[in-house]
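Okay, so here's the structure we're looking at.
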Amino acid sequence: MISRACFALVICAAGGFAQTTAWKMVWHDEFDGSRLDSSKWVYVVGGDGFGNKELEYYTGRPQNLYLEGGMLVIRAIREDYRGADGVERGFTSARIHTRGKFSQAYGKFEARIKLPYGQGIWPAFWMMGEEAARWPDRGEIDIMENIGREPSAVHGTIHGPGYSGSKGIGAPFVLPPGQRFSDDFHVYGVEWEPNAIRWYVDGKMYQSLSPANLPAGTKWVYDHPFYLLLNLAVGGDWPGDPDATTSFPQTMVVDYVRVYQRE
């Protein structure tokens, strides 16, 4: 008979047991409603390139973000669009965040997502520091990024003062040959503690970073609350622009987002 303590906290085996971490869920969105929960998320609206030369205009329209069948769908569309600010773009999409609604320092942060694909497509699940300092001084944790020309790879990265942009510190997770992230849902997550961040895909750890991994003279800035972001970008410095091989619309489908603290 497996004891309650064993079931909750350890993995039992013949002749002994192995300690595991127990987590308590403290925030989540299962996307079961008819519209985005405004008590949890805020739309980003605009098309200024967001420092990356992105090509989309992020809107709050249901054409670009909606809930369906217990899923959040972010939809990138090729269309001529002019925002209320007068900015004109040839693509629309959506970006949302929890700033001012929810943030947390340390814990486990994960989402189950089915990715889009194609040259110039750039989905992301990530976190930014709540503090008012300018980027990247407040820190950025990219839980999952994918550039569509790499359908079998996702990237986990940190950006901070002295190691941002192309100098961000990270690593890829690559699926076995013949598999693509757009073919099915996968769970992307990080476990974050005061001096370590670990990245996972489907429960498999593929990277662990600590202050020892930073360039000499730079600062570990992951010691304060961060908020969550989800977005589907089109184009930009890293993925490059869409080309004749890229089909639209493209969709990023999110089953859930869940945040935990240690028991």
If a residue must be out of contact with any His (no Cβ under 6 Å at 6 or more places or on another chain), assigned to a strand (DSSP E or B) and modelled with pLDDT of 50 or more, how many such residues does segment 1-45 contain? 9
Residue that is surrounded by fewer than 16 Cβ atoms within 10 Å (Cβ to Cβ) and assigned to a helix (DSSP H, G or I), where the choices are S166, S182: S166
Would you be able to tell me the number of residues in segment 130-146 that are over 17 Å from G51 (Cα atoms) and either of a type in the set (A, V, I, L, M) or more than 11 Å from the chain's Cα centre (by Cα) (or both)? 5
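The values are calculated or read from the model by the stated rules, or taken from the named source; none is laboratory data. Because the structure is predicted, anything quoted here is derived from the model rather than measured. So basically every Cβ, Gly included, is an ideal-geometry build from the backbone, and we count neighbours across all protein chains shown.
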